[in-house]
Amino acid sequence: MNKEWSELNKLMQSQIKKRDTYEEGIDILLALRDALWDTVSSFKEELNREEFNAIPFINADGYHSKTIAYSLWHIFRIEDIVAHTLINGDEQVFFRERYQKRINSPIITTGNELVRQEIADFSKLLNLDELYMYLFDVKRSTESILRDLSYDDLRKRISAERKERLESLSVVSKEESAIWLIDYWCNKDIRGLIQMPFSRHWIMHIEACLRIKKKIHP
């Protein structure tokens with residue numbers, strides 16, 4: 001793991017556990033996300049469209065077995081779902097801004113159900129400019145939610161009503177490779193969600209993207 005990202009992540013997790021350092025912990029989280037966003041932005045500047053669709057580790061196990069386009073979709077669909085449907089209880093950016101049509105995506109899910117060539121084929125369909133607009137809008141909206149959370153909010157768990165709402169939206173596939181996400185998220189408190197979809201999940205997938213990039217773009 002990138003040393004700077006790892007250290008920021010560990011410090012953030014430590015700080016948000018304590019009331020007197022909670023706000024500093026959120027500031028550290030936002031700084032970590034900005035650092036990771038710089039890498040996400042660099043892909044757009046440095047890679048051509050075909051490289052976003054490349055899947056050089058198609059038969060491997062792990063996050064690097066995807067494409068960069070898919071990985072970015074996956075990171076931010078998950079964040080949008082968790083931030084808005086589960087934490088804030090409002091409409092996802094994806095639906096509010098009609099991003100499915102704008103991005104030209106055949107799915108509204110996290111993409112966990114896609115495998116190998118399906119991932120490559122999916123990636124080729126996406127409007128990359130609109131995808132990046134979506135990524136930025138989700139990042140910005142999540143960070144607005146994060147800034148409004150109090151220390152006491154972090155102990156709150158996801159209500160049965162919000163879990164039911166999530167299930168009704170069909171944004172998580174019913175395939176075995178995806179359906180586990182609903183219980184995984186809903187069994188966490190908000191602090192647990194901050195530590196995974198909003199930070200560590202970014203790190204794992206972006207580092208995998210860097211591995212892909214190194215293979216296809218020496």
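The values are calculated or read from the model by the stated rules, or taken from the named source; none is laboratory data. Here the structure is a predicted model, which means the values were calculated and not measured. Quick reminder, even Gly has a Cβ in these numbers, built from the backbone with ideal geometry, and neighbours come from all protein chains shown. Areas reflect the complete protein model, heavy atoms only, side chains present, ligands, DNA and RNA absent. Shrake-Rupley method; radii C 1.70, N 1.55, O 1.52, S 1.80 Å.
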- Task: Take the solvent-accessible surface of the protein heavy atoms, probe 1.4 Å, and return the percent of it on the chain that carbon and sulfur atoms account for.
- Result: 46
- Message: Give me P(r) over the chain, computed from all C-alpha to C-alpha distances, binned every 5 Å, as integer percentages.
- Response: 1, 7, 15, 19, 20, 17, 12, 6, 2, 0
- Note on the structure: Quick calc, Glu113 & Ser168: beta-carbon distance into FRET formula, R0 25 Å, rounding 0.05, result 0.90
- Plugging the Cβ-Cβ distance of Ser14 and Thr39 into 1/(1 + (r/R0)^6) at R0 = 30 Å yields, to the nearest 0.05, a FRET efficiency of 0.80
- Task: Specify the residue with the greatest mean-square fluctuation among Leu128, Leu36, Leu47, computed from a Gaussian network of the chain linking alpha-carbon atoms under 10 Å apart.
- Result: Leu47
- Query: What whole-number value in Å² describes the accessible area per residue of region 30-107 for a 1.4 Å probe?
  - Reply: 39
- Item | Degrees, to the nearest 10: 22-46 long Cα axis against longest axis of the chain | 10
- Message: Testing the spin-label approximation: label points 7 Å from Cα along Cα→Cβ at Trp180 and Ser6. State their distance in nm.
- Response: 2.5
- Message: Under a crude label model (7 Å from the Cα following the beta-carbon direction), how far is Arg49 from His217 in nanometres?
- Response: 1.6
- Query: When the Karplus curve 6.51 cos²θ - 1.76 cosθ + 1.60 is applied with θ = phi - 60°, which whole-Hz ³J(HN,Hα) does each residue of region 84-89 get, with x for Gly and Pro?
  - Reply: 8, 6, 8, 8, 8, x
- Query: Which links in Lys18/Lys156; Lys10/Lys188; Lys44/Lys139 stretch past 23 Å when you go from one Cα to the other?
  - Reply: none
- Solvent-accessible area per residue for region 153-218 (1.4 angstrom probe, square angstrom): 54
- Just from its helices, what would the mean residue ellipticity at 222 nm be for the chain, if runs of 4 or more DSSP H residues each count -39500 (n - 2.57) and the sum is divided by every residue, rounded to the nearest 500 deg cm²/dmol? -19500 deg cm²/dmol
